[in-house]
Amino acid sequence: MRLIGNICWLLLGGLAIALAWTLVGIVLCLTVVGIPLGIQAFKMARLTLTPFGRQVIYGGGLGSWLANLLWIILGGWWLALAYLVAGLVTMLTVVGIPFGLQAFKMARLALMPFGSSV
């Protein structure tokens with residue numbers, strides 16, 4: 001089922017979103033200050049490419065917590081809100097429930113990417 005879910009995900013927009021995250025990561029890595037943010041964008045691109053069958057493990061200490069707080073203030077909450085709305089919309093149908101659950105997984109990662117691993 002993971003393979004079928006990932007193929008459907010890619011065909012229905014996952015590939016475009018993953019490419020967008022990759023482009024954002026490349027642009028962010030062009031500056032020294034943006035490298036930590038670019039690494040988080042690459043993490044989002046990896047999860048967005050094939051979300052079915054992947055698990056996000058959250059951890060980290062005070063440094064990750066402070067970096068996540070800065071991330072949320074700078075716009076991470078907008079990203080999480082977008083994934084949350086997309087998840088709610090896709091869950092309106094029975095067929096969309098698995099896709100909505102993956103969007104919720106990405107919403108949490110978009111809100112707190114530092115200290116987590118995919």
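Just want to confirm a number: the relative contact order over region 2-117, from Cα pairs under 8 angstrom separated by 6+ residues, in percent. Walk me through the intermediate numbers first.
Details: 137 pairs, mean separation 32.1, N = 116.
Dividing the mean separation by the residue count of region 2-117 yields 28 percent.
Report in % the part of the accessible area of the chain that belongs to carbon and sulfur, leaving out ligands and nucleic acids; probe 1.4 Å. Let's see the in-between values first.
Numbers: 5680 of 7090 Å².
It is 80 percent, rounded to a whole number.
Can you list residues whose amide H is under 5 Å from S116's amide H, if they're 5+ apart or on another chain and H is modeled 1.01 Å from N?
Distant-sequence amide H within range of S116: G59.
Over its Cα atoms, what ratio of radius of gyration to 2.2 N^0.38 Å does the chain give? Can you show the working numbers first?
Details: Rg = 14.2 Å, N = 118, 2.2 N^0.38 = 13.5 Å.
That works out to 1.05 for the chain.
The values are calculated or read from the model by the stated rules, or taken from the named source; none is laboratory data. A quick note: this is a predicted structure, and the numbers were derived from the prediction, not measured. Please note that ligands, DNA and RNA were not included when accessible areas were found on the heavy atoms of the full protein model with its side chains. Shrake-Rupley method; radii C 1.70, N 1.55, O 1.52, S 1.80 Å.
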